[in-house]
Amino acid sequence: MYSTAFLDLPALASADGTVQLPGSKSISNRVLLLAALSEGTTEVHDLLASDDTRVMLDALREIGCGVDESAAAQGTVRITGLGAAAARSPARLFLGNAGTAMRPLTAALALRGGEFELSGIARMHERPIGDLVDALLQLGCHITYLGNPGFPPLRIAHGNGVPPLALDAPVRVRGDVSSQFLTALLMALPLVAHEKDVVIEVVGELISRPYIHITLQLLERFGIRVQHDAWQRFTIPAGSRYLSPGAIHVEADASSASYFIALGAIATAASAEKPLRILGVGLESIQGDIRFVEAARAMGAEVTGGPNWLQIHRGAWPLKAIDLDCNHIPDAAMTLAVMALYAQGTTTLRNIASWRVKETDRIAAMAQGCRQLGATVEEGPDFLRVTPPSSASDWRAASVHTYDDHRIAMCFSLAAFNPAGLPVRIEDPKCVAKTFPGYFEALFSVARTPVERIPVICIDGPTASGKGTVAASVAQRLGYRFLDSGAMYRITALAALRAGLAIDAAHQDRIAALARGLPVRFEAGRIWLGGDDVTDAIRTEEAGMNASRVSALPPVREALVALQHSFRRLPGLVADGRDMGTVIFPGAALKVYLTATAACRAERRHKQLISKGISANIDDLRADLEARDIRDSTRPVAPLKPAQDALVLDNSLLTVEEAVEQVLVWWQQKQPFAASAPG
Ligand code: DC
């Protein structure tokens, strides 16, 4: 996940390949509960790993279900349900902030019998549950509030079994506060629909109908067929029994799929040969937002698919403008506004008043972003009309404010395919975490762009100038990848010595051959050479000296070029070394030559060693690094020197933070975004 202040997307050119979308949160917890009520074992695939599913799994284990998480890393969890058996009680269940666990578990446990206490974090205790509890009390359940009336925590006291329930009259529940109350009853009442049908009546307007649709569809997968009358009266037939489907796939969020459907429409080739494939949600999705596919097709996308996959490639190009009532796909329709930037003519999205009261005023935010990109936008209380920039030269590089709204961030990432080849800045990219923490990683895994467009910042300089620390920090601040090229030489030297090769010209070809096939891996801050963690071994003074020697051998330098180039990947790279700006990335957009006086560098190195508990003599260190400076800068190939277009930064008197800030200021100055750097 990118937790940077902003994420700059370089201009992207095309997309192809496969993305696996994460399972939907609300479907995950519904499936877990239904599996827990069924007899037998259900294999749940593609379960979303999140706080909310965590508490649900723990609670199910607590009440006596079998929960096998041995394949959880592959997204599969096996639940052995209670079936006819009693839940284990008494039990205390902690449900965090998961409304999707609190509400249905309350209903299911109340109808199941036993003694339970259900609680959560402080915020959970501020989220209403009174309407659901009222419905259960009306049936004859014994439930008491342990804190404020109407809110968790609560206690279910059915120690002597479920009391006789009043099932003859319809169970009445309010539908205008949260549809989760109705969902909870729909999932739990089949437990008691033995001899007679059980009827639920919704009081007041039912909100979030698509979510009830999901509940009904999932119930059907577990053998319960609920009939409904205009979404106001629901009948659970007598004799209903939960039947495990054996295995079930948790669908991905259909609105998350919309970004990739749009991506396929905008950025794939106009043939089925190199399509974009989306795994996790398909044409048979039970989610209302899957109808986004129809809208995307109307704009020109070629979409095919199966039960849980979709395949998209470009059809009409430019896309076709549309005029659409979007009431049935409120969330996914935002993606159409960005597709409109690639259409011929004006696109109008109607009946979207609900956008104004979501995470942010989405009509205003979408209008603002589209305008910043150069589009002409008209907005009304319940509509948005987008006319794209009239030619490539009318596009603008925009820094898009995302208002802590995941969908705004994901939508505008698609502007990176603009025909003007301009980058797009997404402010506060971590806001995508609400539904799709790995969104940008998924995007980068299928987006392609010519390598020259991937920005590189080079930070070269002599040993102990602080370039490694500064470069790593700049990379982190920008969300860019990081290349410590010195490590390549250090690893090569180590590999050579381990292979029994002396580091000299006589062995240069054999060392180069070794360098070309280095089995090196960079993982979570550690460096692996084959099966060995060499992170510490390559950091010694001796290893540095050996690296300097090995780096003077021309065939070795040549052999490491491809490996270093392979680090240039989306969204960008910060590379530190000696010849990043001069040899390896001569076209880099920013080259910094970071230096400091020899005295200062010797002192820093000294401090560093002392802090690691290694004793050292400051004069010896200075002599060593001066010797390395001389070798590194007088060798015939790629000698250490500032690139002609490098900006020299002497950081003798600067802190690391100050040096990082200076590099970032220089970087900002090179960006085309009109707005000043966001905070
Ligand atoms: O940056 P460092 O101390 O880890 O580098 C170790 C040696 O590797 C350095 O003395 C010279 C060599 N090197 C190089 O020649 N070119 C680079 N781009 C990086 C390092």
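Values in this text are rule-based calculations from the coordinates and carry no lab data. If you're wondering where the values come from, they're calculated on a predicted model, not measured in any experiment. When we count neighbours, we look across all protein chains shown, and the Cβ atoms used for this are built from the backbone with ideal geometry, even at glycine.
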- Note on the structure: Kirkwood Rh for the chain from C-alpha pairs, in Å, is 28.5 Å
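Kindly put Phe444, Phe292 in sequence by how many other C-beta atoms sit within 10 Å of each C-beta, fewest to most.
Phe444, Phe292
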- Query: Near the amide H of Leu640, under 5 Å away, which other amide H atoms are found, from residues 5 or more places off or on another chain, if H is placed in the peptide plane?
  - Reply: Ser633, Thr634, Arg635
- Table column - 3J(HN,Hα) (Hz), the stretch 319-328, Karplus curve with 6.51, -1.76, 1.60, x for Gly and Pro: 5, 9, 5, 10, 10, 9, 7, 9, 4, 7
- Message: Classify the stretch 311-407 from the C-alpha gyration tensor, please: rounded if a/c falls under 1.5, else prolate or oblate depending on whether a/b exceeds b/c.
- Response: oblate
- Message: Please arrange Cys65, Cys600, Cys370 by how many other C-beta atoms lie within 10 Å of their C-beta, fewest to most.
- Response: Cys600, Cys65, Cys370
- Highest mean first, what order results for 507-514, 523-530 on Cβ atoms within 10 Å? 507-514, 523-530
- In vacuo Debye scattering of the stretch 264-305, one point per C-alpha: log10 I(q)/I(0) at q = 0.25 Å⁻¹? -0.96
- Message: So if the hydrodynamic radius of the stretch 531-586 is defined as the Kirkwood radius over C-alpha pairs, what does Stokes-Einstein give as its diffusion coefficient at 25 °C and 0.890 mPa s, in µm² per second?
- Response: 188 µm²/s
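Give, as a single signed number, the net charge of other residues whose beta carbon lies under 13 Å from the beta carbon of His328, with Lys and Arg counted +1 and Asp and Glu -1.
Details: positive: Arg209, Arg291, Arg350; negative: Asp289, Glu294, Asp325, Asp331.
Computed value for this residue: -1.
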- Query: If you line up the long axis of helix 179-188 against the longest principal axis of the chain, both from Cα atoms, how many degrees apart are they, to the nearest 10?
  - Reply: 70 degrees
- Task: Tabulate in residue order the Karplus-calculated ³J(HN,Hα) for the stretch 648-661, using 6.51 cos²θ - 1.76 cosθ + 1.60 with θ = phi - 60°, rounded to whole Hz; enter x for Gly and Pro.
- Result: 8, 10, 8, 9, 3, 9, 9, 7, 4, 4, 5, 5, 4, 4
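Report the extension gain between Val177 and Asp532 in nm, rounded to one decimal, defined as 0.36 nm multiplied by the number of residues separating them, less their alpha carbon distance.
Details: separation 355, 0.36 × 355 = 127.80 nm, distance 5.74 nm.
Working it through step by step, the gained length comes to 122.1 nm.
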- Task: Please give the calculated 222 nm ellipticity per residue for the chain, where each DSSP H segment of at least 4 residues contributes -39500 (n - 2.57) and the sum is spread over every residue; nearest 500 deg cm²/dmol?
- Result: -10500 deg cm²/dmol
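Given that compact globular proteins tend to follow 2.2 N^0.38 Å, what is the ratio of the alpha-carbon Rg of the stretch 131-256 to that value?
The value comes to 1.10.
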- Built amide H within the under 5 Å cut-off of Asp323, gap 5+: Thr348
- Dividing the Cα radius of gyration by the Kirkwood radius, what Rg/Rh value follows for the stretch 348-469? 1.08
- P(r) over all Cα-Cα pairs of the stretch 557-679, 10 Å bins from 0 to the longest distance, whole percent per bin, short to long, reads 11, 32, 35, 18, 3, 0
- Query: From Cα coordinates alone, what are the radius of gyration and Dmax values for the stretch 1-50 in angstrom?
  - Reply: 17.8, 53
- Note on the structure: The relative contact order of the chain, taking Cα pairs under 8 Å that sit 6 or more residues apart, comes to a percentage of 13 percent
- Query: Taking amide H positions as placed 1.01 Å from N in the peptide plane, with prolines and chain starts having none, which residues 5 or more places from Asp650, or on another chain, fall under 5 Å of its amide H?
  - Reply: Thr595
- Neighbour-count ranking [beta-carbon atoms within 10 angstrom, fewest first] of Ser633, Ser244: Ser633, Ser244
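Dividing the Cα radius of gyration by the Kirkwood radius, what Rg/Rh value follows for the stretch 439-487? Walk me through the intermediate numbers first.
Details: Rg = 13.3 Å, Rh = 12.6 Å.
The Rg/Rh ratio comes out at 1.05.
Just round it to a whole percent: the fraction of Cα-Cα distances in the stretch 1-129 exceeding 17 Å.
On the way: 5121 of 8256 pairs.
Taking all Cα-Cα pairs of the stretch 1-129, the fraction more than 17 Å apart is 62 percent.
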- Message: Can you give me the C-alpha center-to-center distance between the stretch 102-169 and the stretch 301-358, rounded to a whole angstrom?
- Response: 42 Å
- Message: Suppose we keep just the alpha-carbon trace of the stretch 200-348; what are its Rg and Dmax in angstrom?
- Response: 18.0, 57
- Query: Can you tell me the Rg and Dmax of the stretch 136-176, counting just the alpha carbons, in angstroms?
  - Reply: 11.8, 34
- Task: Using only the alpha-carbon atoms of the stretch 59-183, report the extent along each of the three principal axes, biggest first, to the nearest angstrom.
- Result: 43, 32, 24
- Antiparallel as a % of all DSSP beta bridges within the chain, to the nearest 5? 55 percent
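Apply 1/(1 + (r/R0)^6) to the Cβ-Cβ distance of Asp58 and Glu657, taking R0 = 51 Å, and write down the FRET efficiency to the nearest 0.05. Provide the component values of the computation, followed by the final result.
Working: r = 42 Å, r/R0 = 0.82.
Step by step, r from the Cβ atoms, then E = 0.75.
Using the Kirkwood radius over C-alpha pairs as Rh, can you work out the diffusion coefficient of the stretch 220-270 via Stokes-Einstein at 37 °C, viscosity 0.692 mPa s, in µm² per second?
Roughly 223 µm²/s, to the nearest whole number.
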- Item | Backbone HN-Hα couplings from phi across the stretch 35-40 [Karplus 6.51/-1.76/1.60, Hz, Gly and Pro as x] | 4, 5, 8, 7, 8, x
- For the stretch 581-631, list log₁₀ I(q)/I(0) at each q in 0.14, 0.21, 0.31 Å⁻¹, using the Debye formula over Cα point scatterers of equal strength and ignoring solvent, two decimals each. -0.50, -0.77, -1.12
